[in-house]
Each structure stands twice: as C-alpha cells, then as structure tokens.
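The values are calculated or read from the model by the stated rules, or taken from the named source; none is laboratory data. These figures come from a predicted structure and were not determined experimentally. Note: ideal-geometry Cβ built from the backbone for every residue, glycine included; neighbour counts use all protein chains shown.
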Amino acid sequence: MASLNVYSALVVLFLTCVAAMATKANDQIIKDNNCETKMGLPCVLEAFTCIFETGTISSKCCGELVGLGNVCHSTLVKRTLKNPLFKDLSPARIIAKSIQTWNNCLALIDSPSPSA
C-alpha cells in the first residue's frame, strides 16, 4: 500500500514538472521570437475575440496575424489556454478555432486582391 502512495506521488510530481516545462518552453519560444511585439493591441484583441469568443478578424489584422507567424500564433494560444481564467474553455475547440482563424487569414492574405 505504501508503494502505491509513493508511486502516486511520483506520477503527480512528474505531471507537474511536465506542465511546468511546457509552460517554460512556450515562454522561451515567445521570447526567442519576440512574439509579443509583432502585433498591435487592436489586432491582438480582434484575434483573441475571434478565437476565444465569437467575433471576426479584419483583413488588416489577418495581415498582422500572418506576419506574427504560425509558431508565435500557436504558442500564444497554447500559453493563453494555460491561464486559469480560461480553465472552463475546451482546449480542443479553441485549438480548432485557432487553426481555422490562421487558415482563413492565410488564404485571405495569399489571395490576389480584386482589380479595381
């Protein structure tokens, strides 16, 4: 019985360490890529609303999001999901909305503009 308690404690410790390492890895990626400085606040709010709530993102902000890069985009979303304020959200749903927003913006930015 004592070995089961020790095993349980080791599993909890391991999972805690993995979660902490994932958060540190995300923070390092964000720092290394200057992710937090690549988008203006209005576009950050638009993207956040589009992904975490219900909203749309303008073509201007799509341009900033694509300029941010997919690594920064996905890492910032993952870091936000780790915040206790968002614990009630479905990570799978948010990740799906994040990918959908990224793909929509990428298609919008890559598509040729109509002739005037």
Filter the range 81-116 down to the residues that are modelled with pLDDT of 90 or more and of a type in the set (Asp, Glu) and list them by number. Asp88
So which residues in the range 53-62 are in contact (Cβ under 8 Å) with a residue 24 or more places away in the chain and surrounded by fewer than 15 Cβ atoms within 10 Å (Cβ to Cβ), if there are any at all? Ser59
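Yes/no matrix, rows are residues, columns are (1) touching an Asp or Glu at 6+ places or on another chain (Cβ under 9 Å); (2) in contact (Cβ under 8 Å) with a residue 24 or more places away in the chain; (3) outside any helix (DSSP H, G or I); (4) surrounded by fewer than 12 Cβ atoms within 10 Å (Cβ to Cβ):
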{"position": "Asn26", "(1), (2), (3), (4)": "no, yes, no, no"}
{"position": "Ile29", "(1), (2), (3), (4)": "no, yes, no, no"}
{"position": "Ala47", "(1), (2), (3), (4)": "yes, yes, no, no"}
{"position": "Ile51", "(1), (2), (3), (4)": "no, yes, no, no"}
{"position": "Gly67", "(1), (2), (3), (4)": "no, yes, no, no"}
{"position": "Leu85", "(1), (2), (3), (4)": "no, no, no, yes"}
{"position": "Ile95", "(1), (2), (3), (4)": "no, no, no, no"}
{"position": "Asn103", "(1), (2), (3), (4)": "no, no, no, yes"}
